[in-house]
């Protein structure tokens, strides 16, 4: 079902908020005021900003609900601290906010994409792999992780070993480990550079670098998990990856694919447009396409589970 279009003035407000709050976060304004609340002039002096510009920014951030003002001194709200200052908070979203700021650049290249059929790779130059990978370990995914792992365990008899393909953020791997399932985190080297040191401190996580479109690790597992991976790949590469997953599974193993399904995720078509600007072959695929890849690879009984966040679906299929 199509969503109701957002009024243009509301779009203006959201765009202003995302850009101005994102830039304030990038500059360290919230952290600075959290460490020491201050006047506009005091903050300007500390951060070597223009006084007039600083006052205008801080007043806007009060209006937007990110700062409070008391006796001309500004400090972050509790929401701002938990979401944009305290990186240890389960609600922290600062990395994803910075990734969102980056995304504006490739999104603006849609005219180029429509003319050429390919992304404008010059728009990728500001991509921070750190912000992207850390941003994918976000509150919404942490909330879904137990639900996803519950479904996987329910469909696999006494699993002891899993491979999380494309799992550098670590969200799902950590949940598997919490359930006593040893997990291989397999991802591109540049992605794993962000999290491998942290992940390797967990005894039952093994970190392996590689490219899933080329080969998977030499291993045997009970669960092959593909999370947020398939929408970035071509149909041919998805078929190859799913077939290789079949090869490394034990006889009673399962494959679990966490992604957005076209015509079933309420954001599917829009997310496909997002992928169009950043991936040469990526797309949001339908259940029919996934089922065809699964059957071709030798899987049986594929089933789709609608998750509590209706943007996301989980496909589970069994090895013959």
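The values are calculated or read from the model by the stated rules, or taken from the named source; none is laboratory data. If you're wondering where the values come from, they're calculated on a predicted model, not measured in any experiment. Cβ sites come from the backbone with ideal geometry, for glycine too, and all protein chains shown count toward neighbours.
Provide a single number: the residues in the stretch 288-306 that are part of a helix (DSSP H, G or I) and either crowded, with 17+ Cβ neighbours inside 10 Å or out of contact with any strand residue (DSSP E or B) (no Cβ under 6 Å at 6 or more places or on another chain) (or both).
First pass over the stretch 288-306, keeping only residues part of a helix (DSSP H, G or I): 288-297.
In the following step, the residues that additionally are either crowded, with 17+ Cβ neighbours inside 10 Å or out of contact with any strand residue (DSSP E or B) (no Cβ under 6 Å at 6 or more places or on another chain) (or both) were identified as 288-290, 292-297.
Residues in the stretch 288-306 being part of a helix (DSSP H, G or I) and either crowded, with 17+ Cβ neighbours inside 10 Å or out of contact with any strand residue (DSSP E or B) (no Cβ under 6 Å at 6 or more places or on another chain) (or both): 9 in total.
Do we have any residue at all in the stretch 186-201 that's within 22 Å of residue 303 (Cα to Cα) and in contact (Cβ under 8 Å) with a residue 12 or more places away in the chain? Give the steps one after another, and end with the answer.
Of the stretch 186-201, the ones within 22 Å of residue 303 (Cα to Cα) are none.
No - not one qualifying residue is present in the stretch 186-201.
Only residues that are within 18 Å of residue 55 (Cα to Cα) and in contact (Cβ under 8 Å) with a residue 12 or more places away in the chain were counted in the stretch 7-38, giving 19. Among all positions in the stretch 244-262, there is no residue which is in a helix (DSSP H, G or I), in contact with a helix residue (DSSP H, G or I) (Cβ under 7 Å, 6 or more places away or on another chain), within 21 Å of residue 144 (Cα to Cα) and in the same structural domain as residue 306 (by TED's automatic domain parsing).
Listed here are the residues, each with its yes/no results for (1) closer than 18 Å to residue 199 by Cα; (2) outside the structural domain of residue 241 (by TED's automatic domain parsing); (3) touching a helix residue (DSSP H, G or I) at 6+ places or on another chain (Cβ under 9 Å).
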{"position": "109", "(1), (2), (3)": "no, yes, yes"}
{"position": "155", "(1), (2), (3)": "no, no, no"}
{"position": "167", "(1), (2), (3)": "yes, no, yes"}
{"position": "180", "(1), (2), (3)": "yes, no, no"}
{"position": "183", "(1), (2), (3)": "yes, no, yes"}
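Looking at the structure I just gave you, is residue 228 crowded, with 18+ Cβ neighbours inside 10 Å, assigned by TED's automatic domain parsing to the domain that holds residue 159 and either touching a helix residue (DSSP H, G or I) at 6+ places or on another chain (Cβ under 6 Å) or free of Cβ contacts under 8 Å to residues at least 12 places away in the same chain (or both)? No, not satisfied. Test residue 251 against the stated conditions and say whether it is in contact (Cβ under 8 Å) with a residue 24 or more places away in the chain and over 23 Å from the mean Cα position of the chain (by Cα). The answer is yes for residue 251.
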